[in-house]
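Before any comments, here is the structure.
Computed from the coordinates by the stated procedures, all read-outs in this text should not be read as laboratory data. This one's a predicted model, so the numbers in the text were calculated from it and none came from an experiment. Glycine gets a Cβ as well: all are built from the backbone with ideal geometry, and neighbour counts include every protein chain shown.
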Amino acid sequence: MTTDLNDVRNIVILTGAGISAESGIDTFRGGGGLWEKHRVEDVATPEAFARDPELVLCFYDMRRAAIQEKEPNAAHAALARLDAGWPGDLLIVTQNVDDLHERAGARRVLHMHGEHLNAWCTACDVRSPWRDSLVDRPACPECGERALRPDVVWFGEMPYQMDRIYDAVRKADLFVSIGTSGAVYPAAGLVRTARDLGAATLELNLEPSQGSAWFDETRLGPASDLVPAWVDEVLGAR
Ligand code: BJW
């Protein structure tokens, strides 16, 4: 089934690690993914941070440094073009903690799993822009306590801005998922919410995701091919 773009005014786009893969940022699952080299339980839970903060901070220091050397790809650029040209509501809900959507020029972006380039002070609860290492326990720029952690959402923690996300999904005529395996909730459940409320649903991914059955249409291929072609279609229909 294909979507009649003439009926579409409000769009929600969910992005995952696959959209940044062609920029050279590792995905999480599958061959060569981050979880093949590091156990989730060792690096991406609050319990892991309490048990071995140095290991967790090193893991995130390494990834924070790596993303600053990467560049947005054609898929990020295409979504930025859609953001600039789309007259209706549009929200790019990204699970990614990199800043490639913003560096490509997108403005309507929400980071539901946090951001590498922020540090969160567990003493004063303030988030500060952060590009350097955290492993040496630098002082919080706000309160001076040495209590900074990566501003990312670990397993068992609540993803950010869920009310705003559900509001946008409720209003969406079209829900599009790009480069995500559909393995992590609540992000993986958004397609069902959108579909139950009447939105058309489209998946763009290298391979069918775990939630593929919930999409009206699935297009398979690399994001750098699929996303610019889809954005051309959407903007061309206006
Ligand atoms: C390409 C490509 C190319 C490759 N082009 N495509 C049911 C309901 C609610 C919660 C749960 C539930 N069941 C279980 C839970 C708990 C848990 C969970 O989901 N566990 C699962 C393992 C089952 N969820 C949580 O704990 C979450 N919190 C929570 O649930 O709070 C309570 C709550 C309840 C109800 C409502 C609201 C809240 C928190 C989850 C936090 C996830 N954190 C991480 C780490 C972030 C920091 C970091 O980066 O280190 O987020 S885990 C990791 O997975 C990261 C990602 O954002 C996330 C999703 O991964 P993603 O993006 O899908 O990547 P991959 O690697 O899995 O897939 C890549 C895809 O790209 C593949 O499909 C490829 O084919 C494709 N691809 N190259 C196009 N070139």
Quick one: what pairs do we get from the range 148-177, first residue under 15 Å from ARG127 (Cβ atoms) and within 14 Å of the ligand (Cβ to nearest atom), second among the polar types (S, T, N, Q) and assigned to a loop (DSSP other than H, G, I, E, B), C-beta under 7 Å, 6+ apart or different chains?
ARG149/THR122
Any chance you could count how many residues in the range 1-17 are closer than 22 Å to PHE155 by Cβ and in contact with a strand residue (DSSP E or B) (Cβ under 6 Å, 6 or more places away or on another chain)?
2
Suppose we filter VAL176, VAL153 for residues that are out of contact with any helix residue (DSSP H, G or I) (no Cβ under 9 Å at 6 or more places or on another chain) and buried (at least 17 other Cβ atoms within 10 Å of the Cβ); which single one remains?
VAL153
Between a first residue in the range 23-44 that is hydroxyl-bearing (Ser, Thr, Tyr) and a second residue that is part of a loop (DSSP other than H, G, I, E, B) and more than 9 Å from the ligand (Cβ to nearest atom), which pairs have beta carbons less than 7 Å apart while being 6 or more apart in sequence or on different chains?
SER23/LYS70; SER23/GLU71; SER23/PRO72
Inside the range 140-178, the number of residues satisfying the requirement of being of a type in the set (A, V, I, L, M) and more than 15 Å from the chain's Cα centre (by Cα) is 6
Please go through (1) surrounded by fewer than 17 Cβ atoms within 10 Å (Cβ to Cβ); (2) at positive phi; (3) out of contact with any helix residue (DSSP H, G or I) (no Cβ under 9 Å at 6 or more places or on another chain) for GLY105 and return the number of the only condition it doesn't satisfy.
(3)
Within the range 186-238, of all residues that are assigned to a strand (DSSP E or B) and among the β-branched types (Val, Ile, Thr), the one nearest to ASN6 (Cα to Cα) is THR201
